[in-house]
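Enquirer: Take this structure, written in structure tokens, and hold onto it; I'll ask about it next.
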Amino acid sequence: MRALGRRATAVVAVGVLACSAAAAQEVPAPPAGASEQVLSGARLYQQHCALCHGPKGRDANVFPRPIWGPGHDIAKFGSAKGLFEYLQMLMPFDNPAKVDDAGKTAIVAYMLVRNGNVKANVSMPRGGDQTGIR
Ligand code: HEC
């Protein structure tokens, strides 16, 4: 039992190290002309999401599949509002309450700029809107 406990601790420690290495990299700056909302979404993404999804929304240790851009699977959420509702329920995975609704809306705006669905100067109503995700 004791040996097993030590091994579990070691695995967790390696996971945390791998995570902080990914988060240390910077999220690419939003395009010129980005709204305050999108800039704030980029900062919040860096702070609360990059840990597990990588600064570029892909190739991270915890969740390697892309969450925007080529190969993403977020179209299943249908719209900005659908993506917001997913984040509201489940993300950040370690504690969804860490980011408030305004912050999650800003993250959705940033993600959809990165995914090419909205312009960088977007101002999205709290809770997201019907903007489709392709
Ligand atoms: C502690 C690690 C962790 C953090 C922090 C985290 N996520 Fe996740 N995320 C996951 C895991 C694990 C899954 C897969 C969950 C599942 O399948 O039930 C996931 C799934 C997702 C998905 C669905 C992807 C897909 O293709 O199905 C999106 C979108 C997402 N996260 C966005 C975010 C955003 C935005 C944040 C920051 C607000 C965030 N995540 C923070 C671990 C994390």
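Enquirer: Which one is surrounded by the fewest Cβ atoms within 10 Å (Cβ to Cβ), of the residues in region 103-122 that are part of a loop (DSSP other than H, G, I, E, B) and of a type in the set (S, T, N, Q)?
Expert: The selected residue is N121.
Enquirer: Give region 79-93 a look and list any residue that's loosely packed, with under 14 Cβ neighbours inside 10 Å and in contact (Cβ under 8 Å) with a residue 12 or more places away in the chain, or say none.
Expert: Within region 79-93, the subset loosely packed, with under 14 Cβ neighbours inside 10 Å is 89-90, 93.
Across region 79-93, the qualifying residue is only F93.
Enquirer: Please specify each residue of region 63-80 satisfying the condition of being outside any loop (DSSP other than H, G, I, E, B) and more than 8 Å from the ligand (Cβ to nearest atom).
Expert: A75, S79, A80
Enquirer: Hey, can you tell me all the residues within region 60-78 that are surrounded by fewer than 18 Cβ atoms within 10 Å (Cβ to Cβ) and modelled with pLDDT of 95 or more? Can you show your working first?
Expert: Here is the first cut: in region 60-78, the residues surrounded by fewer than 18 Cβ atoms within 10 Å (Cβ to Cβ) are 61-65, 69-71, 73, 75-78.
Correct list: V62, F63, P64, R65, G69, P70, G71, D73, A75, K76, F77, G78.
Enquirer: Just one of A34, A120, A102, A60 is of a type outside the set (V, I, T) and within 12 Å of the ligand (Cβ to nearest atom); which is it?
Expert: A60
The values are calculated or read from the model by the stated rules, or taken from the named source; none is laboratory data. Small disclaimer: the values here were computed from a predicted structure and weren't measured. Positions of Cβ are generated from backbone atoms using ideal geometry, with glycine treated the same way; all protein chains shown enter the neighbour counts.
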